[in-house]
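See below for the structure under consideration.
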Ligand SMILES: [Ca+2]
Ligand SMILES: [Ca+2]
């Protein structure tokens with residue numbers, strides 16, 4: 001009797017910690033219940049809806065859309081890890097998010113027209129730090145691809161945010177990320193060719209949000225507002241071992257820049273590179289005038305701590321390498337001849353020993369980050 005009583009008392013505990021692997025594959029033809037690759041769910045939203053804390057969702061290569069209405073969205077689950085980058089042929093067990101891309105797309109309506117797409121692709125509210133998304137491409141949203149709010153602390157790794165737009169004039173957003181409060185982390189993420197038409201650049205962080213970015217690339221993003229990449233309002237942002245290349249602002253207002261901080265924002269940047277970003281500085285004789293490597297940081301009642309960084313225009317900081325060419329491998333082919341990011345032929349790698357940044361880093365700034373985007377030993381270690 002005593003044994004039975006103990007068993008009964010334990011049951012709720014066992015049930016609460018039980019964790020599952022849930023499978024998603026767009027072209028699966030089995031029972032559609034997520035219990036194996038054979039019987040994988042064909043939709044990611046079904047897997048998310050049926051997941052619980054401590055579950056892991058594995059998503060095979062393919063394109064996944066939140067729905068067919070522009071208000072559809074994937075809702076992140078607290079404490080659930082979601083991995084993309086599995087081969088569709090399930091005899092291949094190696095996970096490779098570059099070779100087997102798992103794409104979350106907002107493309108609906110006219111495929112040639114981005115402004116009728118899904119507003120918001122992935123939404124997270126009140127997520128703890130054991131909530132992880134790893135190995136996805138988020139593309140073609142029409143207002144922001146990722147929206148975080150509440151005290152959210154999720155971790156995003158190996159995510160490409162590309163070709164997203166911020167088109168809504170009435171809803172403040174960054175084309176790739178909109179973060180209200182919380183402290184999300186972005187590790188090994190690539191932000192490529194996102195565009196803010198009316199809005200707050202590529203990443204809009206506000207209301208006490210404290211995002212951290214490590215080993216990230218911000219490449220060829222653009223904005224018709226004041227900042228091409230970051231718009232920070234009452235935000236504490238940390239940017240480590242990251243590169244800003246070829247970003248642009250297209251409208252001349254007052255103070256075009258790559259990163260804008262307002263309302264007591266604090267921005268810490270270390271071991272990073274700013275190169276070949278441009279701002280529109282005027283309109284003369286019917287021609288738009290751009291300035292290469294002009295203002296990178298614009299601070300309004302805000303502060304920046306910049307160290308061990310190659311930067312072209314901003315000169316306030318510690319151990320800065322000002323107006324130096326970082327000597328990337330190939331700035332004309334960012335993802336390299338194989339047309340995929342995260343591989344050895346990628347263009348924005350530093351060329352040892354010619355690159356001035358190779359030995360300019362500060363180990364303390366990148367504690368725990370031992371490799372770069374390609375998995376090579378980090379340049380700062
Ligand atoms: Ca469309
Ligand atoms: Ca490549």
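Quick note: the coordinates plus some simple rules give every number you see, no bench work behind them. Keep in mind the model is a prediction, meaning the values are calculated, not measured. So basically every Cβ, Gly included, is an ideal-geometry build from the backbone, and we count neighbours across all protein chains shown.
Assorted remarks:
- Nitroxide proxy distance, nm - points 7 Å out along Cα→Cβ at residue 171 and residue 151: 2.7 nm
- Top of 166, 344, 210 by mean-square fluctuation, Gaussian network on the chain, Cα under 10 Å: 344
- Theoretical gain in end-to-end length, residue 268 to residue 53 [0.36 nm per residue, Cα-Cα removed]: 74.1 nm
- Ordered by the count of other Cβ atoms within 10 Å of each Cβ, fewest first, 136, 230 give 136, 230.
- Residue 315-residue 130 FRET efficiency (beta carbon distance; Förster radius 30 Å; 0.05 resolution): 0.15
- Shape call, the chain: gyration tensor on alpha carbons, a/c limit 1.5: prolate
- Normalised by 2.2 N^0.38 Å, where N counts its residues, the alpha-carbon radius of gyration of the range 12-82 equals 1.13.
- The order of 152, 294, going from fewest to most other C-beta atoms within 10 Å of their C-beta, is 294, 152.
- For the range 238-341, a/c is not less than 1.5, where a ≥ b ≥ c are the root eigenvalues of the C-alpha gyration tensor, and a/b does not top b/c. That puts it in the oblate class.
- Inter-label distance, nm, simple model (7 Å from Cα along the C-beta direction), residue 325/residue 38: 5.9 nm
- Rounded tilt (10° steps) of 2-17 against the dominant C-alpha axis of the chain: 30 degrees
- Inter-part distance where the range 196-252 and the range 272-316 are each reduced to a Cα centre, Å: 12 Å
- Residue order, fewest to most surrounding Cβ atoms within 10 angstrom, among 76, 351: 351, 76
- Spin-label pair residue 72/residue 46, simplified geometry with 7 Å Cα→Cβ offset, distance in nm: 1.3 nm
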